[in-house]
Every structure is written in C-alpha cells, then in structure tokens.
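Enquirer: Encoded as structure tokens, here's the structure I'll be asking about.
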C-alpha cells in the first residue's frame, strides 16, 4: 500500500449552511459568469464574492461578521483580469520573474 | 485507495464534532495576517483546478473548471450537487489536494466537507468553498515551478439515519399530480 501521507486539514470554520431555498444562487451565477468573462481570474470578480457573502449573512446562512474576517480588504475594487494579456499562468509567471530579475 | 479513503470518514467526523460550526474566535485563522505576509515572488499566480467524484446517486460537479489565484487571497469557488433519488439522502464529502506537498499550504476557511449534508429528494444545491493558499508556498523549494494545484472532492453516502420528519416532509412537499378541478 502506498505510504505517502497526504495532508488534509479540516476547514477553519466548519461547513457552510446549505442554501436549501437557493436564495443566493442568482449572485453565485453572476460570479461564475464573471469568472468566465475574465479568464477565471478571481480578483476581477471580487465584488460578486463580497455580494455573495453579504447575501448569505442577510438570509441567516452565515454568521454576521466583518468582511475583513473573510479576507476582503478595504477599497478592494474589481480589477481587470491580471492575466488577460497572457496565454496562461505559466507565461504570466515567467514574465513576472524576468521583470523582477531586471530590477 | 478507496479502502483508505473510507477509513478517513469516521476520523474526520470526529474532528468536526470537536470543533463544530462556531469555533472559538482565538482559534480562527487571522486572515489579515495571512494577506499581509511578505514573500519574495509577490506576483506569482497559481491555477487551482477543481474536480469531483461521487460514490452515490448524486450528480456532483464543480461549477468552474479552474480559478487563477495569488497566494494569500481568499477565494470563493462552487460545486453543485443534485440528489437523483425520490428520497432524502445524506452525504459526506472529503477533499484531496494535488500535488501532495501543496496540501500543506491549502487552507479551507469554510466549505461543505467532513460534515454530513442532507439533500431532499431531487434537490439541487450550491456548495461553496472559501479557501486561500498560504503565501509561504512561494518559499517552498520543492514547489518553485508549481503553476497548478488540483482540488478534488468526493462524496460518500453516510449511513446516518435520516430523521423521520424529513422522510415525510419530502413526500408532503412533492408536487401533487392531481388534475385541477375546474369550477364551472
């Protein structure tokens, strides 16, 4: 038997409550649509993730908390996709590495 | 491999029962500290791929093929599950991160794993995951050329009993197929 130990950690705050009435599904769909539009760069769709959590809190599907506690920063704006001008993550990383080397 | 995965199920149930949903605040990861961590290659991105497997009569799929993230940023992703049966079913999900070394840096803030989830008959539900990749991954010499991490989820059927109320509830709210009575 393969003895490789893989590390799997339990989630920090447990499970999300299930949205049985699909109350926040429309926002989820907006988020997913945004991701497709921006080459899956999540930072471009930050507003929708924020909206999703606010929706959950409003419908009692999530404990009320400051958005900072979910990792959102003040004045974080939707940015244009970071890797829009690159074929993939690999080419983006190489370009950034070379940029750093030149400094 | 399946035998080993099955062994994990009761182990993680134990973990969940000990922490529960409202864990003490001092045990929570301080996200502000993670987000501000300084690392050398600040602009390195990683593509997280999502895959799924279901060992039960649920359709279970990721709702996005991949998301491009920077270590330190919290990221929201979705899976979707649909119960194909005529009765409620309880499932429990486990996840696995590849490559194995990356698992150390993959942090779930909140998800749908390790705890039992019940879906009513024919119910379809959104399953969100909130995670981040620890910026320390950029300092790990084994992972310098890492561009891709795969998050893989698998749902198993739980042998917990469904509370009686739920068994009758799904029958009560099932659409009535009677013909409409017309009042002339």
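Enquirer: Go through B:53, B:110, B:117, B:64 for me and flag whichever is at pLDDT 90 or above and either at the interface with another protein chain (Cβ under 10 Å from one of its Cβ atoms) or on the phi > 0 side of the Ramachandran plot (or both). Walk me through how you get there before you give the answer.
Expert: Working: B:53 fails: either at the interface with another protein chain (Cβ under 10 Å from one of its Cβ atoms) or on the phi > 0 side of the Ramachandran plot (or both); B:110 fails: at pLDDT 90 or above; B:117 fails: at pLDDT 90 or above.
Answer to the check: B:64.
Enquirer: Then there's this: Scan B:136, B:140 and give me the residue that is away from chain A (no Cβ under 11 Å), in contact with a helix residue (DSSP H, G or I) (Cβ under 9 Å, 6 or more places away or on another chain) and touching a residue at least 60 places away in the same chain (Cβ under 8 Å). Explain how you work it out, then say what you get.
Expert: Working: B:140 fails: touching a residue at least 60 places away in the same chain (Cβ under 8 Å).
Result of the check over B:136, B:140: B:136.
Enquirer: Can you name the residue in the range B:16-36 that is modelled with pLDDT of 70 or more and in a loop (DSSP other than H, G, I, E, B) and is also farthest from residue B:92 (Cα to Cα) among such residues?
Expert: Of the range B:16-36, the ones modelled with pLDDT of 70 or more are B:29-34.
Next, from what is left, pick out any that are in a loop (DSSP other than H, G, I, E, B): B:29-30.
On the way: B:29: 24, B:30: 27 Å.
Looking at the filtered set, the residue picked out is B:30.
Enquirer: So is residue B:103 facing chain A (nearest Cβ under 7 Å), at pLDDT 90 or above and out of contact with any helix residue (DSSP H, G or I) (no Cβ under 9 Å at 6 or more places or on another chain) or not?
Expert: Numbers: facing chain A (nearest Cβ under 7 Å): yes; at pLDDT 90 or above: yes; out of contact with any helix residue (DSSP H, G or I) (no Cβ under 9 Å at 6 or more places or on another chain): yes.
For residue B:103, the condition - facing chain A (nearest Cβ under 7 Å), at pLDDT 90 or above and out of contact with any helix residue (DSSP H, G or I) (no Cβ under 9 Å at 6 or more places or on another chain) - is met.
Enquirer: A follow-up question, please. Could you check residue B:94 against (1) within 12 Å of the chain's Cα centre (by Cα); (2) without any contact (Cβ under 8 Å) to a residue 60 or more places away in the chain and say which number it fails?
Expert: For residue B:94, the failing item is (2).
Enquirer: It is to be established whether one or more residues within the range B:79-94 are within 7 Å of chain A (Cβ to nearest Cβ) and either touching a strand residue (DSSP E or B) at 6+ places or on another chain (Cβ under 8 Å) or modelled with pLDDT under 90 (or both).
Expert: Applying the first criterion (within 7 Å of chain A (Cβ to nearest Cβ)) to the range B:79-94 yields none.
There is no residue in the range B:79-94 that is within 7 Å of chain A (Cβ to nearest Cβ) and either touching a strand residue (DSSP E or B) at 6+ places or on another chain (Cβ under 8 Å) or modelled with pLDDT under 90 (or both).
Enquirer: Just need a number here: residues in the range A:73-98 that are surrounded by fewer than 18 Cβ atoms within 10 Å (Cβ to Cβ) and facing another protein chain (nearest Cβ under 8 Å).
Expert: 5
Enquirer: Another question, then. Among residues belonging to the range A:51-72 that are out of contact with any helix residue (DSSP H, G or I) (no Cβ under 7 Å at 6 or more places or on another chain) and in a helix (DSSP H, G or I), point out the one that is surrounded by the fewest Cβ atoms within 10 Å (Cβ to Cβ). First the steps, then the outcome.
Expert: Kept after step one, since they are out of contact with any helix residue (DSSP H, G or I) (no Cβ under 7 Å at 6 or more places or on another chain), are these residues of the range A:51-72: A:54, A:56-61, A:63, A:65-66.
Keeping just the survivors that are in a helix (DSSP H, G or I) gives A:54, A:56-58.
Numbers: A:54: 14, A:56: 20, A:57: 16, A:58: 12.
Out of the qualifying residues, it is A:58.
The values are calculated or read from the model by the stated rules, or taken from the named source; none is laboratory data. Note that this is a predicted model, so its numbers are computed, not measured. Reconstructed Cβ throughout: ideal geometry from the backbone, glycine too, with neighbour counts over all protein chains shown.
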